[in-house]
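Here's the structure, in structure tokens; my notes come after.
Please treat every number below as a calculation from the coordinates, not as lab data. A quick note: this is a predicted structure, and the numbers were derived from the prediction, not measured. Neighbour counts run over all protein chains shown; Cβ positions are idealised from the backbone, glycine included.
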Amino acid sequence: MPTGKGIKRTKNNPVFYTELKKGHEVFLTDSSWQKVKQTAKEKGISASEYIEQLIRNHFDCT
């Protein structure tokens, strides 16, 4: 997936998806959260985007 670099970001305008992201609360163990952050950092994306991609790939979301 592209990183979005070079795309002008404006408020209330989705960049990667057809809908805006909004905050949700998820509870994870410390070890799981560390793994999410580590893997996201290796991929050069945020933890939020990494989780988004995991879910979209698992459930074949478009």
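Observations on the structure shown:
- Order of 36, 26 - criterion: other Cβ atoms within 10 Å of each residue's Cβ, fewest first: 26, 36
- Net charge over other residues, Cβ less than 15 angstrom from the Cβ of residue 18 (K, R count +1; D, E count -1): +1
- Cβ-derived FRET efficiency at R0 25 Å, residue 30 paired with residue 57, nearest 0.05: 0.55
- For region 20-50, applying the loop criterion from DSSP together with a ceiling of 12 other beta carbons within 10 Å to the GluC sites (Glu not before Pro) yields 25.
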